[in-house]
Each structure stands twice: as C-alpha cells, then as structure tokens.
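Asks: Mind looking over this structure? Questions follow.
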Amino acid sequence: MALHIVFVEPEIPPNTGNIARTCAATNTKLHLVKPLGFDISEKAVKRAGLDYWPYVDIEVHESLNDFMEKYKNKRKFLATTKGGHLYTEFEYRDDDMFMFGRETRGLPRDFIAKNEEMSIRIPMSENTRLRSFNLSNSANIILFEALRQLGFPELK
C-alpha cells in the first residue's frame, strides 16, 4: 500500500526536506518534477544533514509531461488554492497521487483547468487568500487525511 506526493518544480529546499521526512516516516513515495530550485545530490544532502534521506522512496522526473506520461493511469489530485473541491470531499485509495506546484506560483493554470474535477483545496480564511499555507504543511494536511481514511496502513 502506498500513496504518492508530487512536488512540481519546488523552489525552497526546506519544504522538500520536510515532506521528504514525512514520506520516509509514512512509507509514501516522493516524486520531484524538474526543474528543482536546489541540489539533491548525495553531497548536498549530506551537507544539509538530512540523515533520513536514504529512507525516502524518491523519483525525479525531467518534466511535468514526462511524469504525466509515465503515470497516466494513476489517479491524481491537484492541490491548489483554486481547487473546486475541499480535500475532504474524496474517498482516497491506495496508490493515489497528490500534486503540489511551486511555492511562488503553484501548478500551471492550464494544467489545473484541464484537470479541474480533481483539483482540491484546503479551506482558508478570506483574509489569507492572497497567500496560501506553506507547501510542506499543505502536503502533510492532505497526506494525513488520506492516510486516516486508509486506516494508517503499516503505521503504528
């Protein structure tokens, strides 16, 4: 049983580091779609002190198109402040993928428009609509709802 977190063109290293740690702790696969705003070479990871990195099931993709082609038959949810559905409205299943865009711009608007029926959002106050939740926090919120629904598989 596995879920997938997909960061498309992440820019801020600590966000990816934070969700990578969560992925290692929850047996969730992490996908990173290039370009990345940072280096994840073995040397850079060691220098950053990410001692959990060897336990992260990670796959790096050259582009969003490459990722979509490889995983065209998987169910994908697009997390965006423009999402038409609350993240709690779906019944999540094993192997679902949760996609998040870059910190400064989110997922491409045309990509969201083509997949609007699978776009989800976390409710926020109207006072904060000019900004959104931190990327790794958002991924954690949605991931843990899916894990809860699935009965926290293989977690204790």
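The values are calculated or read from the model by the stated rules, or taken from the named source; none is laboratory data. Values in this document were obtained by computation on a predicted structure and should not be read as measured data. Cβ placement follows ideal geometry from the backbone for every residue including glycine, while neighbour counts extend to all protein chains displayed. Calculation scope for accessible area: heavy atoms of the full protein, side chains included, ligands and nucleic acids excluded. Shrake-Rupley method; radii C 1.70, N 1.55, O 1.52, S 1.80 Å.
Asks: With a 1.4 Å probe and all protein chains left in place, how much of the accessible area of the chain comes from carbon and sulfur atoms, in whole percent? Walk me through the numbers on the way to the answer.
Replies: Values: 4350 of 8890 Å².
Ligands and nucleic acids excluded, carbon and sulfur reach 49 percent.
Asks: Hey, which lysines would be in cross-link range of LYS114, C-alpha to C-alpha under 17 Å, not counting anything within fewer than 8 residues on its own chain?
Replies: LYS72, LYS74, LYS76, LYS82
Asks: Also: Would you kindly derive the ³J(HN,Hα) couplings of region 93-106 from the backbone phi angles with the Karplus curve 6.51 cos²θ - 1.76 cosθ + 1.60 (θ = phi - 60°), listing them in order in whole Hz, with x for Gly and Pro?
Replies: With coefficients 6.51, -1.76 and 1.60, one gets 10, 3, 6, 5, 10, 10, 9, 10, x, 4, 4, 8, 9, x Hz.
Asks: Using only alpha carbon pairs under 8 Å that are at least six residues apart, calculate the relative contact order of region 1-150 and give it in whole percent.
Replies: 29
Asks: For GLU59, which sequence-distant residues (separation of 5 or more, or a different chain) have an amide H within less than 5 Å of its own amide H, given hydrogens modelled in the peptide plane?
Replies: For GLU59, whose amide H was placed from the backbone, the distant partners under 5 Å are LEU30, HIS31, LEU32.
Asks: Would you list, by chain and number, the lysines whose Cα falls below 23 Å from the Cα of LYS43, excluding same-chain residues fewer than 8 positions away?
Replies: LYS29, LYS34
Asks: Sticking with this one: Pick out, from PHE111, PHE152, ILE12, the residue whose Cα sits farthest towards the positive end of the charge dipole of the chain, with +1 on the Cβ of Lys and Arg and -1 on the Cβ of Asp and Glu.
Replies: ILE12
Asks: Send over a whole-number figure in Å² for the accessible area per residue of the chain, probe 1.4 Å.
Replies: 57
Asks: Right, next: If you place +1 on the Cβ of every Lys and Arg and -1 on the Cβ of every Asp and Glu, how big does the dipole about the Cα centre of the chain come out, in debye to the nearest 20?
Replies: So the magnitude is around 260 debye.
Asks: In addition: Among rounded, prolate and oblate, which fits region 93-151 when a ≥ b ≥ c are the square roots of the eigenvalues of its C-alpha gyration tensor, a/c under 1.5 means rounded, and a/b larger than b/c means prolate?
Replies: oblate
Asks: Here is a further query. Using Cα positions and a limit of under 19 Å, work out the aspartates and glutamates in reach of LYS70, with same-chain residues fewer than 8 apart set aside.
Replies: Straight-distance partners of LYS70: GLU9, ASP57, GLU59, GLU62, ASP94, ASP95, ASP96.
Asks: Here's another thing I want to ask about it. Can you tell me the dipole magnitude for region 25-87 around its Cα centre, using point charges on the Cβ only (Lys, Arg +1; Asp, Glu -1), in Debye to the nearest 20?
Replies: Roughly 260 debye for region 25-87.
Asks: If you don't mind, there's one more thing I want to ask. Report for the chain the percent antiparallel among DSSP-assigned beta bridges with both residues inside it, nearest 5. Write out the running numbers ahead of the final one.
Replies: Details: 1 of 22 bridges.
Antiparallel bridges make up about 5 percent of those DSSP assigns within the chain.
Asks: Spelling out what I want: for every residue of region 9-17, take phi, set θ = phi - 60°, compute 6.51 cos²θ - 1.76 cosθ + 1.60 (Karplus), and round to whole Hz; glycine and proline get x.
Replies: 6, x, 10, 10, x, x, 5, 5, x
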